[in-house]
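Here is the structure we will look at.
Bear in mind these aren't lab numbers, they're just calculated from the coordinates by the rules spelled out. All values derive from a computational prediction rather than experimental measurement. Please note: Cβ atoms are built from the backbone with ideal geometry, for glycine as well, and neighbour counts cover all protein chains shown.
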Amino acid sequence: MGCSDSDYAYLRQLVFTQSANRIDRSRNALFETRLTPIARMAGVSDLKDLVSILRDDPAPQLRHAVAEAMTINETSFFRDGKPFDVLRDTILPDLIQRNFTQRRLRIWSAASSTGQEAYSLAMLFCEHFPQIGNWDIKIIGTDISRHVIDYAQRGRYRRLEVNRGLPARMLVKYLVRDVDEWEVTPKLRALCSFQYANLCAPLPKLPIFDLILLRNVLLYFSPQDRSGVFSDVYRLSTPGGYLMLGAAEQAEDSTDLFQSEFAKDCYFYRPTPSPSAISELL
Ligand SMILES: C[S@@+](CC[C@H](N)C(=O)[O-])C[C@H]1O[C@@H](n2cnc3c(N)ncnc32)[C@H](O)[C@@H]1O
């Protein structure tokens with residue numbers, strides 16, 4: 001017997017509670033594909049039995065595994081192209097100029113998935129800004145899925161992954177082929193680190209960032225969770241910092257803590273110093 005409507009409603013609520021991700025009713029089939037391996041690991045053959053176990057099991061591990069399995073981890077090197085042009089031509093030169101005395105930059109790839117976004121940024125630094133090669137630069141990737149964090153830390157990508165968005169010249173310069181995988185070079189690895197963080201729960205200790213990439217994750221959150229995330233991102237931004245969202249995402253509906261700017265066919269955001277933004281935080 002398959003899952004009942006109430007089983008699906010239970011799973012939707014579980015995922016929402018664990019990760020703040022909203023799964024639409026029309027995507028019930030996704031539960032079947034994503035959760036069947038977890039059902040097997042739990043010793044049952046179908047989703048309905050997995051739901052029965054979940055309903056009776058107070059331990060958090062299985063719930064975490066379910067929420068993690070339902071995350072959408074789609075990503076690629078230099079995803080969407082244009083944001084990386086703006087980073088190269090506008091944002092990074094400005095950040096480098098303003099941090100010239102400090103010689104230090106902190107960058108957050110929030111919801112980093114398997115790490116291609118963080119490593120793409122590292123490639124931009126190595127390729128276009130060799131003059132800051134001895135600066136203290138840290139690109140920190142965080143995600144709610146431990147599986148993708150491990151993947152990012154491993155820094156090894158399959159042919160299909162390196163064929164998406166990564167120019168051949170950059171591939172051979174910044175990744176090394178090992179049988180049928182490509183591994184990021186120690187130079188890129190030294191710039192990037194990855195750790196667990198749920199954007200909709202209290203965050204781990206993180207530095208104040210000069211640049212935050214929060215791309216293609218807000219769309220899974222409720223309006224309330226989105227504005228909570230913007231408050232945290234604002235707190236973790238330097239006053240002159242930058243925020244980049246995904247191509248289909250915008251801040252205006254959820255917060256007045258950031259103001260948009262436009263360059264090279266691409267919107268990005270800066271923290272607003274306005275009194276209303278400050279009162280929103282109090
Ligand atoms: C579609 S990927 C986007 C990856 C990358 N930022 C990009 O634009 O290519 C969304 C990522 O958000 C993560 N995610 C979903 N909910 C999250 C949450 N509450 N906290 C942190 N990460 C979350 C997922 O695990 C997934 O890896």
By the gyration tensor of its Cα atoms, with a ≥ b ≥ c the square roots of the eigenvalues, what is the shape of the chain: rounded for a/c under 1.5, prolate for a/b over b/c, or oblate? oblate
What angle do you read, to the nearest 10 degrees and between 0 and 90, between the alpha-carbon axis of helix 5-19 and the longest principal axis of the chain? 30
Treat the count of other C-beta atoms within 10 Å as a stand-in for reagent exposure and order ILE72, ILE139 from fewest to most. ILE72, ILE139
Between ASP89 and HIS147, what FRET efficiency comes out of the Förster formula 1/(1 + (r/R0)^6) with R0 = 30 Å and r the beta carbon distance, rounded to 0.05? 0.30
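Compute the FRET efficiency between ASP180 and LYS48 as 1/(1 + (r/R0)^6), taking r as their Cβ-Cβ distance and R0 = 45 Å, and round to the nearest 0.05.
Using R0 = 45 Å, I get an efficiency of 0.70.
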Gain upon complete extension [ASN73, SER260; 0.36 nm per residue less C-alpha separation]: 64.7 nm
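Specify the longest stretch of the chain that does not include any exposed loop site, a site being one of the trypsin sites (Lys or Arg not before Pro) with a non-H, G, I, E, B DSSP assignment and at most 15 other Cβ atoms within 10 Å. Kindly include the intermediate steps, with their values, before the conclusion.
On the way: sites that count: ARG22, ARG103, ARG164, LYS205, LYS264.
That would be 23-102.
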Find out how many positive minus negative residues lie around ASN28, taking Lys and Arg as positive, Asp and Glu as negative, among other residues whose Cβ is under 15 Å from that of ASN28. +1
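Evaluate segment 116-162: find the radius of gyration of its Cα atoms, find its Kirkwood radius, and give the ratio Rg to Rh.
Values: Rg = 12.6 Å, Rh = 12.2 Å.
A ratio of 1.03.
Need one word for segment 158-264: rounded, prolate or oblate. Basis is the Cα gyration tensor (sqrt eigenvalues a ≥ b ≥ c); a/c below 1.5 gives rounded, then a/b vs b/c decides.
Values: a/c = 2.12, a/b = 1.91, b/c = 1.11.
Taking the square roots of the gyration eigenvalues as a ≥ b ≥ c, segment 158-264 is prolate.
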Normalise the Debye intensity by I(0) for segment 1-136, one equal point scatterer per Cα, no solvent, then take log10 at q = 0.15, 0.19 Å⁻¹ and round to two decimals. -0.77, -1.00
Kindly work out what percent of the DSSP beta bridges joining two residues of the chain are antiparallel, to the nearest 5. 40
With x for Gly and Pro, the residue-by-residue ³J(HN,Hα) of segment 199-206, computed from phi through the Karplus equation 6.51 cos²θ - 1.76 cosθ + 1.60 at θ = phi - 60° and given in whole Hz, is 5, 9, 9, x, 7, x, 5, 10
Testing the spin-label approximation: label points 7 Å from Cα along Cα→Cβ at GLN13 and ASN163. State their distance in nm. 4.5
Taking PHE129, PHE194 and counting other beta carbon atoms within 10 angstrom, the fewest-first order is PHE129, PHE194
What nm distance separates the two modelled labels at GLN61 and SER193, each placed 7 Å from Cα along Cα→Cβ? 2.7
So the angle from the long Cα axis of helix 116-128 to the longest Cα principal axis of the chain, reported in degrees to the nearest 10, equals 10
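Sort CYS3, CYS192 by Cβ crowding within 10 Å, fewest neighbours at the top.
Values: CYS3 20, CYS192 24.
Ordered by Cβ neighbours within 10 Å, fewest first: CYS3, CYS192.
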List the chymotrypsin sites (Phe, Trp or Tyr not before Pro) within segment 74-134 that DSSP assigns to loop and that have no more than 16 neighbouring Cβ atoms inside 10 Å. PHE100
Contour minus Cα-Cα span, ASP24 to LYS82, at 0.36 nm per residue, comes to 17.9 nm
Once the Cα atoms of helix 223-235 and of the chain are each reduced to a long axis, what angle between those two axes, in degrees from 0 to 90 to the nearest 10, is obtained? 40
Can you grab the distance from the C-alpha centre of segment 1-68 to the C-alpha centre of segment 80-147, Å, no decimals? 36
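Once the Cβ-Cβ distance between GLN224 and ARG98 is put in as r, and R0 is 45 Å, what FRET efficiency do you end up with, to the nearest 0.05?
Numbers: r = 34 Å, r/R0 = 0.75.
After rounding, the FRET efficiency stands at 0.85.
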